[in-house]
Amino acid sequence: MPRNPDSKDPQQGSASPNVSRRRFLQSAAAAATAGAAPHLYAQQPVVAAAPPAPRAPVPPRPVTLNINGREYALHLEPRVTLLDALGEYAGLMGTKKGCDRGQCGACTVLVDGRRINSCLTLAVMHEGEAITTVEGLARNGTLSPLQEAFVKHDAFQCGYCTPGQLCSATAMLGEFKAGTASTVTADVRRRPAQLSDEEIRERMSGNLCRCGAYSNIVAAVRAVNEGTA
Ligand code: FES
Ligand code: FES
């Protein structure tokens, strides 16, 4: 006589193995059906987010920037980055825009001697500070030692990254002389013994070169540091 699959096992007092298997298969089939019918989810009404309320534009205001030792009286909206202020308002085209989001270092300039990405900062934040761009590295028509070394060591190809590399390396040599450690410095409590190629690469790692002129850039920086440029 066939066994009723829904009957209890008389000896165990619980559902028989056949019942468990059948319920498992029913559950699995239901789950598979739901998964195979994504349109059931797609038919759920989608509530569109309300568009943000338009903001009133903030009017331009007078901003005076000291760039390469000269005062520039500009009229800028507060949202204008230092990078855009340099190129589009002050007419200094040497500083380059690569990524415009802090990833490539092409826009590096010096502010009070510190290197920063000018695409990541607003121009209005730098009133009263000394901004130096690549145009300000040479003095009285004489190239800086790093500029000379870049030429001598052929440390560029297209040259797009070069203004940022030069500004960054200028500040980096000052940081090294001041005893600043890097993440590859063996003992961060002591001044690095020498500016090795590894130190140079690490300290210049925020400046990308799509042409891959890295070995010549390192050679140029090393030569300036060692006084052999
Ligand atoms: S343009 Fe500023 S970091 Fe790339
Ligand atoms: S020389 Fe071309 S990106 Fe560096």
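The values are calculated or read from the model by the stated rules, or taken from the named source; none is laboratory data. Note that this is a predicted model, so its numbers are computed, not measured. Because the Cβ atoms are built from the backbone with ideal geometry, glycine has one as well, and the counts that use them run over all protein chains shown.
Structure data summary
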| quantity | calculated |
| --- | --- |
| Residues satisfying the stated conditions in segment 137-163, i.e. part of a loop (DSSP other than H, G, I, E, B) and within 25 Å of the chain's Cα centre (by Cα) | L137, A155, F156, Q157, C158, G159, Y160, C161 |
| Pair list, Cβ under 9 Å, 6 or more apart: segment 68-84 residue on the phi > 0 side of the Ramachandran plot, other residue at pLDDT 95 or above and of a type in the set (A, V, I, L, M) | N68/L92; N68/A130; N68/I131; N68/L137; G69/A130 |
| Residues (under 11 Å from S118 (Cβ atoms) and either of a type in the set (K, R) or not assigned by TED's automatic domain parsing to the domain that holds G113 (or both)) located in segment 62-98 | K96, K97 |
| L166 buried (at least 17 other Cβ atoms within 10 Å of the Cβ), assigned to a loop (DSSP other than H, G, I, E, B) and not acidic (D, E) | no |
| Filter result (buried (at least 17 other Cβ atoms within 10 Å of the Cβ), over 13 Å from L166 (Cβ atoms) and touching a Gly at 6+ places or on another chain (Cβ under 8 Å)) within segment 202-229 | L208 |
| Identity of the residue in segment 60-105, in contact with a Cys (Cβ under 6 Å, 6 or more places away or on another chain) and more than 17 Å from Q165 (Cβ to Cβ), that ends up surrounded by the most Cβ atoms within 10 Å (Cβ to Cβ) | T81 |
| Cross-chain or 6+ apart pairs with Cβ under 8 Å, segment 203-229 first and over 17 Å from E148 (Cα atoms), then among the acidic types (D, E) and part of a helix (DSSP H, G or I) | R203/E175 |
| Residue within segment 113-133 that is more than 14 Å from ligand 2 (Cβ to nearest atom), assigned to a loop (DSSP other than H, G, I, E, B) and free of Cβ contacts under 8 Å to residues at least 40 places away in the same chain present | no |
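One line per residue, one yes/no per condition, for (1) within 16 Å of ligand 2 (Cβ to nearest atom); (2) closer than 22 Å to Q103 by Cβ; (3) part of a loop (DSSP other than H, G, I, E, B); (4) under 23 Å from the mean Cα position of the chain (by Cα):
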{"position": "A186", "(1), (2), (3), (4)": "no, no, yes, no"}
{"position": "P192", "(1), (2), (3), (4)": "no, no, yes, no"}
{"position": "L195", "(1), (2), (3), (4)": "no, no, yes, no"}
{"position": "E202", "(1), (2), (3), (4)": "no, yes, no, yes"}
{"position": "S205", "(1), (2), (3), (4)": "yes, yes, yes, yes"}
{"position": "A219", "(1), (2), (3), (4)": "yes, no, no, no"}
{"position": "A223", "(1), (2), (3), (4)": "no, no, no, no"}
